[in-house]
Amino acid sequence: MSRCLQNRVGIVVPTKGERPEYFQQCIQSIRDAGDAFIIVVAPESKFAEIESTKSDFDLIIRDQNKGLAAAINQGVMRLPEEITYFNWLGDDDLLEPKSLASLTRTIQNGSNMVLLFGSCRYINNEGKQLWANQSGVIASKIIRFGPCLIPQPGALIQRAAFEDVGKLNEKLGWAFDLDLFIRLKSVGNISCISEFVSSFRWHSDSLSVRFRKNSAAEASLVRRSYLSKPLRIISPIWERPVKFLTIHARFLVEFKL
């Protein structure tokens, strides 16, 4: 069993259980993406309903209702210890077929690679592509001073590095992925592959869409917290335009809705 699990990727799916049709598509996309150990983190009110579909995933645990970052941390802690790489996926997002196999192959062959990501499609409710994030290597280079262009749904994270840097910051509501990426960059290499590996579903109920201003403001605070004092003082020079562009970039996507 241990040998088998060493080649599997852990995927945590936090869900409120309010979008069953998206949830089923999400789980199926993970299965099609490669060999994954899937943990679902669900609220008490929806636990029995979701547990009845357990044949589709490996484990379901109860959400302790401490926020999204806490739910993800909770799921990662329950992954079998033999699993080396993991990620989390929103219950309305998708992975591309065979994408986990491509990501796993690359990260295993990399030198001290703690985070690997690929390109991501932005899709609407029906799955039609609206936009594409193909930022590539530039995303990791500007992470401390520019918008977070690393597409989290299509990433793969080294579990040991995740634990070394202290897991997700549960005090953050939106920018906990950015905060994690910055800390990971300080202990290892971040790289990317050019192929599409995931799809982010753009709709009004998505936290990233509904709370765009809050997310941009929190991301700015996160970036500034990792700057030296002199840079922090002058950071408004670039932070103001970055926040503006981050907030208003949504109109480029919504124009196609």
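Looking across region 156-171 at every residue that is more than 15 Å from the chain's Cα centre (by Cα) and assigned to a loop (DSSP other than H, G, I, E, B), the one that is farthest from residue 71 (Cα to Cα) is identified as 165. Annotation note: of 116, 130, the sole residue that is outside any helix (DSSP H, G or I), among the aliphatic types (A, V, I, L, M) and at pLDDT below 95 is 130. Restricting attention to region 84-99, the residues that are in contact with a Pro (Cβ under 7 Å, 6 or more places away or on another chain) and closer than 20 Å to residue 195 by Cβ total 2.
When each of 149, 103 is tested for being within 16 Å of the chain's Cα centre (by Cα) and crowded, with 23+ Cβ neighbours inside 10 Å, the lone residue that passes is 103. Taken over region 61-75, the criterion of being hydrophobic (A, V, I, L, M, F, W, C) and surrounded by 23 or more Cβ atoms within 10 Å (Cβ to Cβ) is satisfied by 69, 71, 72. Considered as a group, the residues in region 116-128 that are buried (at least 24 other Cβ atoms within 10 Å of the Cβ) and in contact with a Gly (Cβ under 8 Å, 6 or more places away or on another chain) include one that is farthest from residue 29 (Cα to Cα), and that residue is 116. Suppose we filter region 79-97 for residues that are touching a residue at least 60 places away in the same chain (Cβ under 8 Å) and part of a loop (DSSP other than H, G, I, E, B); how many remain? Total meeting the criteria: 12. Set side by side, the residues 24, 74 differ, and just one is over 21 Å from residue 168 (Cβ atoms) and in contact (Cβ under 8 Å) with a residue 24 or more places away in the chain, which is 24. Look through region 172-188, keep the residues that are surrounded by fewer than 17 Cβ atoms within 10 Å (Cβ to Cβ) and touching a residue at least 60 places away in the same chain (Cβ under 8 Å), and return whichever of them is farthest from the chain's Cα centre (by Cα). The qualifying residue farthest from the chain's Cα centre (by Cα) is 187. Screening residue 121 against (1) part of a loop (DSSP other than H, G, I, E, B); (2) within 15 Å of the chain's Cα centre (by Cα); (3) of a type outside the set (Val, Ile, Thr) leaves a single unmet condition, (1). Assessment of region 196-219 against the conditions (at pLDDT 95 or above, under 30 Å from residue 24 (Cα atoms), among the small types (Gly, Ala, Ser) and surrounded by 14 or more Cβ atoms within 10 Å (Cβ to Cβ)) yields at least one matching residue.
Can you tell me which residues in region 232-257 are of a type outside the set (Gly, Ala, Ser), in contact with a Lys or Arg (Cβ under 9 Å, 6 or more places away or on another chain), modelled with pLDDT of 85 or more and under 15 Å from residue 142 (Cα atoms)? Those that are of a type outside the set (Gly, Ala, Ser), in contact with a Lys or Arg (Cβ under 9 Å, 6 or more places away or on another chain), modelled with pLDDT of 85 or more and under 15 Å from residue 142 (Cα atoms): 239, 242, 243. Taking the criterion of being crowded, with 20+ Cβ neighbours inside 10 Å, touching a residue at least 60 places away in the same chain (Cβ under 8 Å) and within 19 Å of the chain's Cα centre (by Cα), would at least one residue in region 41-50 satisfy it? No, region 41-50 contains no residue that is crowded, with 20+ Cβ neighbours inside 10 Å, touching a residue at least 60 places away in the same chain (Cβ under 8 Å) and within 19 Å of the chain's Cα centre (by Cα).
The values are calculated or read from the model by the stated rules, or taken from the named source; none is laboratory data. Keep in mind that what you see is a predicted model, and the values were worked out from it rather than measured. Cβ: placed from backbone, ideal geometry, glycine included. Neighbour counts: every protein chain shown.
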